[in-house]
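Bear in mind that the values in this text are calculations on the coordinates, not laboratory data. Nothing here was measured: the structure is a model prediction, and the numbers come from that model. So basically every Cβ, Gly included, is an ideal-geometry build from the backbone, and we count neighbours across all protein chains shown.
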């Protein structure tokens, strides 16, 4: 299932900058950064519940914002991309 995760973290203090790095690192572990604070994560539902739980433990609900968009399994028809960054296929061939 494809999920879009976006976040806005208050970075006015050191704790906020730390939260920002932790959220980005958690998202990088499971998905692809498509914009500065936006990730596409293509995992099964159980794995995503774990990711969501970790993210919710990191953010400060009184200062930060976390948005999750569930695009489902037929996500290909729900995403359009325009501009300079090439899109990617998370289900495609991976070369290591």
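Here are some residues: 20, 56. Which one is out of contact with any strand residue (DSSP E or B) (no Cβ under 6 Å at 6 or more places or on another chain), in a helix (DSSP H, G or I) and crowded, with 18+ Cβ neighbours inside 10 Å?
Checking each option against the conditions leaves just 20.
Would you tally the residues in the range 1-14 being in contact (Cβ under 8 Å) with a residue 40 or more places away in the chain and farther than 11 Å from residue 66 by Cα?
We begin by selecting, within the range 1-14, every residue in contact (Cβ under 8 Å) with a residue 40 or more places away in the chain; these are 1-10.
Applying the additional criterion that residues be farther than 11 Å from residue 66 by Cα yields 1-3, 10.
So the count comes out to 4.
Do you know which of the residues in the range 3-17 that are crowded, with 18+ Cβ neighbours inside 10 Å and within 10 Å of the chain's Cα centre (by Cα) is farthest from residue 60 (Cα to Cα)?
My answer is 3.
So, in the range 24-45, of the ones that are in contact (Cβ under 8 Å) with a residue 40 or more places away in the chain and not in a strand (DSSP E or B), which residue ends up nearest to the chain's Cα centre (by Cα)?
Only one residue tops the list, namely 43.
Identify all residues within the range 38-51 that are under 14 Å from residue 70 (Cα atoms) and surrounded by fewer than 16 Cβ atoms within 10 Å (Cβ to Cβ); write none if there are none.
Residues satisfying the conditions are 44, 45, 46, 47, 49.
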